[in-house]
1. Give the residues of the stretch 156-182 that are under 14 Å from the mean Cα position of the chain (by Cα) and open to solvent by 30 Å² or more (accessible area, probe 1.4 Å), sorted by residue number.
2. Considering the stretch 1-51 alone, what residues qualify as being open to solvent by 90 Å² or more (accessible area, probe 1.4 Å), at pLDDT below 90, under 22 Å from L78 (Cα atoms) and among the hydrophobic types (A, V, I, L, M, F, W, C)?
3. With β-branched (V, I, T), open to solvent by less than 70 Å² (accessible area, probe 1.4 Å) and at pLDDT below 85 as the only criterion, which of V187, V145 stands out?
Amino acid sequence: REDVWLEQTPLVSEQKDRRFSRQGALITALNWGTGFFAAGLVVFGVLAFAGENNHTRFLQSVGVLIPISLVVAGMTYLSLPRIEVKLVRGQVGGNWVEQKLLLRMVLDDFEPRNAKEARKELQRIVSSPTNATPYYSKSWDNLLVGGEVREEDSPGNYLLRETNNQLQFVTFDVNGREEASGTWNLVSPR
């Protein structure tokens, strides 16, 4: 609806929407807390040893510095934007290829009469992890965007389209590109 204007701009490597895993946020917060503690040690060390009663003054300063450093670390952790991260072994895209084939097998076995019936059957299969076992899969987790595999036009998910008395099974790859993964002639009611 609007023209797109492309302009050359200088290369700037800036991360505007940066998010942290829980572990990454904790490491960053502890780095800030220990950095604050180290800087405080240097400042209080110089001030304490410049005076006459240096040992007692330094220990009192460290006693105050420790809780302040912990508060800095805690506040930093709470202020960092976090996102849930799930570590997966193996090839994430390969898992979706396998699941796509399994969903096709479900439709092959089911012989749907219309898209509504096919949707209901796929939702029944995907909704329970035990339904993955007969198809030799461990789960129906969508490792590309999270959650379960579902009917949605996003990576790792699928759509069902009913056209010209046929059911089309459309899947979406890692980049969200659409791919027609199978077509079935709908069984006419008897």
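1. V174, the sole residue that qualifies.
2. none
3. V187
The values are calculated or read from the model by the stated rules, or taken from the named source; none is laboratory data. This is a predicted model, so every value here is computed, not measured. Ligands, DNA and RNA are stripped out before the accessible areas are found, and what is left, the full protein with its side chains, is counted by its heavy atoms. Shrake-Rupley method; radii C 1.70, N 1.55, O 1.52, S 1.80 Å.
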